[in-house]
Amino acid sequence: MKYFNKTLVSLLALCAFTFSFTSCDNDDDNVVGSEIPDFELASEQMRVKIGTENKQAIDVESGAGEYAAYSLDETIAQVVEEDGQVFIEGLRNGQTTIIVSDAGSRYRRIAVSVYTTEVLTLSETSFNLEAPLGFNATAEASVVLGNGEYTIESDNAAVTASIDAETGEITINGRGRLEEYTAVVTVTDCTGISATIEVTVVGSTTPFTADDLDAIKANNTVGITFDNGRDDLYNYGTNVAAVQSNGKMRVGITFYSYYYTYVEYNGDLTVGTKTDGTFSANYSWRYSQQACDVEVIQNTGSRIWIIFSWVDMENETLHRGYIIQNI
């Protein structure tokens with residue numbers, strides 16, 4: 001049996017107040033001589049939901065009477081008396097200890113866990129994502145009601161998920177693959193309750209959405225972007241937008257005939273889909289006449305916007321890029 005030191009006992013005696021607890025043994029109030037009954041509580045671990053309406057009684061099964069109780073952290077839980085009965089009231093999420101003593105100077109601890117809800121509620125329970133092959137589509141959700149200290153995990157490596165442990169803000173990324181697949185993302189709080197989000201991901205070979213195309217056409221920064229990386233060769237090289245000796249239109253950048261990044265295709269600079277497109281690069285990337293789809297999506301007369309793409313079936317990856325160039 002563990003006892004507390006005299007200093008702590010004195011402090012508790014000053015702070016605590018004595019109650020007449022409900023007891024299962026009617027003989028507790030008639031302690032004679034050395035026949036002091038064992039000091040036993042009905043429970044030494046309690047989960048208490050926040051709110052006055054959810055308070056829980058402290059029940060003493062046996063003891064020497066003159067019981068007193070005190071919370072070690074009254075910001076988490078407090079001891080209150082109503083009609084001669086003593087209760088623990090939860091105030092905020094967390095863990096604390098209630099100390100209970102009897103007339104025999106014996107002490108017992110009740111480990112108290114205070115929580116908000118028994119059910120973890122999320123803003124979303126499922127997502128259907130469409131992602132370009134090899135790229136991620138992103139979805140966001142949040143914890144509507146929970147007990148804090150959140151963790152998250154996905155049962156499929158192709159879907160990654162993160163959560164703010166404090167606010168419960170969730171970010172989910174699903175990588176596009178050739179075959180449709182499903183993942184289950186599980187969110188758990190500090191009390192161990194959990195909720196799930198089912199994520200279905202469909203791979204797409206469409207390089208850019210309508211919103212993507214609008215954003216590209218609104219972009220006036222000259223340069224080449226490929227697979228989400230940007231080529232800085234435009235800082236050094238020479239723009240080219242002319243028909244070459246092979247009869248194809250070339251649009252891109254060259255530097256001393258050795259470094260280059262460009263697309264070539266059959267056709268002119270007018271808006272529309274082109275044929276026999278290729279992508280070549282020898283600077284930020286290394287490609288030699290890689291077959292690709294090419295489309296001029298905008299031409300203002302002084303500047304041109306071109307998109308290009310191809311699918312690497314073996315690696316389940318859609319390569320894509322765009323060129324914005326003065327002409």
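The values are calculated or read from the model by the stated rules, or taken from the named source; none is laboratory data. Everything quoted here is computed from the prediction, not taken from an experiment. Positions of Cβ are generated from backbone atoms using ideal geometry, with glycine treated the same way; all protein chains shown enter the neighbour counts. The area values use the complete protein model at the heavy-atom level, side chains included, leaving out ligands, DNA and RNA. Shrake-Rupley method; radii C 1.70, N 1.55, O 1.52, S 1.80 Å.
Key figures
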quantity: Translational diffusion coefficient (Stokes-Einstein; Kirkwood radius from C-alpha pairs) of the chain at 25 °C, 0.890 mPa s, in µm²/s; calculated: 95 µm²/s
quantity: Debye intensity ratio I(q)/I(0), log10, segment 31-132, q values 0.11, 0.15, 0.19 Å⁻¹ (C-alpha model); calculated: -0.43, -0.65, -0.90
quantity: Per residue, in Å², the accessible surface of segment 145-192 once ligands and nucleic acids are set aside, probe 1.4 Å; calculated: 51 Å²
quantity: Reachable aspartates and glutamates from Lys217, criterion Cα separation under 13 angstrom, eight or more residues apart if same chain; calculated: Glu295
quantity: Efficiency of FRET from Cβ geometry, Lys49 and Ser142, R₀ 22 Å, rounded to 0.05; calculated: 0.50
quantity: Nonlocal amide H pairs with Leu91, under 5 Å, H built at 1.01 Å; calculated: Ala77, Gln78
quantity: Positive minus negative residues near Val184 (Lys, Arg vs Asp, Glu; Cβ under 14 Å); calculated: -4
quantity: Relative pair counts by distance (%), Cα atoms of segment 128-212, 10 Å bins; calculated: 19, 45, 25, 10, 1
quantity: Per residue value of the accessible surface for segment 104-144 (all protein chains in place, 1.4 Å probe), Å²; calculated: 46 Å²
quantity: Local electrostatic count at Glu74 - Lys and Arg +1, Asp and Glu -1, tallied over other residues with Cβ under 12 Å; calculated: -1
quantity: The chain, accessible surface, carbon-and-sulfur percent (1.4 angstrom probe); calculated: 44 percent
quantity: Tyr234 accessible area, assembled protein chains, probe 1.4 Å, Å²; calculated: 40 Å²
quantity: Of Val112, Pro132, Gly84, farthest towards positive along the dipole that unit charges on Lys, Arg, Asp, Glu beta carbons give segment 81-137; calculated: Val112
quantity: Nearest-0.05 FRET efficiency for Asp227 and Val202, computed from C-beta distance (R0 25 Å); calculated: 0.75
quantity: Surrounding net charge for Gly134, when Lys and Arg each add one and Asp and Glu each subtract one, Cβ distance under 9 Å; calculated: -1
quantity: Theoretical gain in end-to-end length, Glu153 to Arg109 [0.36 nm per residue, Cα-Cα removed]; calculated: 12.3 nm
quantity: Range of Cα positions in segment 58-183 per principal axis (Å), largest first; calculated: 74, 23, 20
quantity: Stokes-Einstein D in µm²/s, Kirkwood radius over Cα pairs - segment 225-327 at 4 °C with 1.567 mPa s viscosity; calculated: 95 µm²/s
quantity: Other-chain or far-sequence residues with amide H under 5 Å of Glu40's (modelled H); calculated: Glu61, Ser62, Gly63
quantity: Ala215/Asn128 FRET efficiency (R0 25 Å; Cβ-Cβ; nearest 0.05); calculated: 0.65
quantity: Only Lys, Arg (+1) and Asp, Glu (-1) charged, at Cβ; the chain dipole about Cα centre in debye; calculated: 2120 debye
quantity: 5 Å binning of all Cα-Cα separations within segment 79-119, expressed as whole percents from 0 upward; calculated: 6, 18, 21, 24, 18, 8, 4, 1, 0
quantity: Cα convex hull volume per residue for segment 203-256 (Å³); calculated: 132 Å³
